[in-house]
Amino acid sequence: MRASSSSAASVAVCERERAFIDHIISISQAQVEEMYAHAREVRPEECCGLVGGREGEARNVYRLRNVSEEPERAYSASIKDLIDAQKLMRERGEELLGIYHSHPNSSEPAPSETDVRLAYHPSAIYFIIGFTDEDEARLRAFRFYMHEGRSEAASFRVSQS
């Protein structure tokens, strides 16, 4: 591919990524608790999963197995689990709204360089779960711009329903 073509493609992708900045996901407290439970169950390894829904409203959390060679430091979702979750989302009329994983040893979860570099879904919110010294779970959300090599905090709402 010529340099000018790849540059134009990168610009187009960056513009698509920016189009999602104002999109805020609404997720229920029960769904947040499901993600926290998943993170606690696999600690000290990182957990990972998907959030499916419609029109910015989360409907389901899909747990995925972390098959990374270093699960205490990284996550890599099981291909089978990914395919199964995406199939269920389609059957339920959902789209991918978010991707979550944990940083079990971080009280202030923030994206790593690897998280940003491997963020292949620019329209998704990336949720990261961490734990305080008192074992209180914390959820943070980010937008990843892999083509620019950066991230920024993202807004989300937690509802009681």
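Given the criteria surrounded by 22 or more Cβ atoms within 10 Å (Cβ to Cβ), in contact with a Gly (Cβ under 7 Å, 6 or more places away or on another chain) and hydroxyl-bearing (S, T, Y), does Y75 qualify?
Values: surrounded by 22 or more Cβ atoms within 10 Å (Cβ to Cβ): yes; in contact with a Gly (Cβ under 7 Å, 6 or more places away or on another chain): no; hydroxyl-bearing (S, T, Y): yes.
For Y75, the condition - surrounded by 22 or more Cβ atoms within 10 Å (Cβ to Cβ), in contact with a Gly (Cβ under 7 Å, 6 or more places away or on another chain) and hydroxyl-bearing (S, T, Y) - is not met.
What strands (runs of 3 or more DSSP E) completely inside the range 82-161 contain at least 1 residues that are touching a Ser or Thr at 6+ places or on another chain (Cβ under 7 Å) and surrounded by fewer than 17 Cβ atoms within 10 Å (Cβ to Cβ)? Walk me through how you get there before you give the answer.
Numbers: elements: 95-102, 125-131, 137-145, 150-153, 156-159.
Counting at least 1 such residues, we get 137-145, 156-159.
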Taking first residues from the range 143-154 that are closer than 12 Å to L118 by Cα and aromatic (F, W, Y) and second residues anywhere that are at pLDDT 90 or above and exposed (fewer than 12 other Cβ atoms within 10 Å of the Cβ), the pairs with Cβ under 9 Å that are 6 or more apart or on different chains are F144/E152; Y145/E152
Any chance E95 is within 15 Å of the chain's Cα centre (by Cα) and acidic (D, E) = yes
Identify the single condition in (1) without any contact (Cβ under 8 Å) to a residue 40 or more places away in the chain; (2) within 24 Å of S155 (Cβ to Cβ); (3) of a type in the set (V, I, T) that V67 does not satisfy, given that it satisfies every other one.
-> (2)
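Residues in the range 40-48: is at least one under 14 Å from the mean Cα position of the chain (by Cα), modelled with pLDDT of 95 or more and in a loop (DSSP other than H, G, I, E, B)?
Within the range 40-48, the subset under 14 Å from the mean Cα position of the chain (by Cα) is 46-48.
Adding the requirement that they be modelled with pLDDT of 95 or more leaves 46-48.
Checking the rest, the ones that are also in a loop (DSSP other than H, G, I, E, B) come to 46-47.
Within the range 40-48, one or more residues are under 14 Å from the mean Cα position of the chain (by Cα), modelled with pLDDT of 95 or more and in a loop (DSSP other than H, G, I, E, B).
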Can you name the number of the only condition in (1) at pLDDT 95 or above; (2) closer than 23 Å to S155 by Cβ that A119 fails?
-> (1)
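The values are calculated or read from the model by the stated rules, or taken from the named source; none is laboratory data. Small disclaimer: the values here were computed from a predicted structure and weren't measured. In this analysis, Cβ positions are derived from the backbone assuming ideal geometry, glycine residues included, and neighbour counts consider all displayed protein chains.
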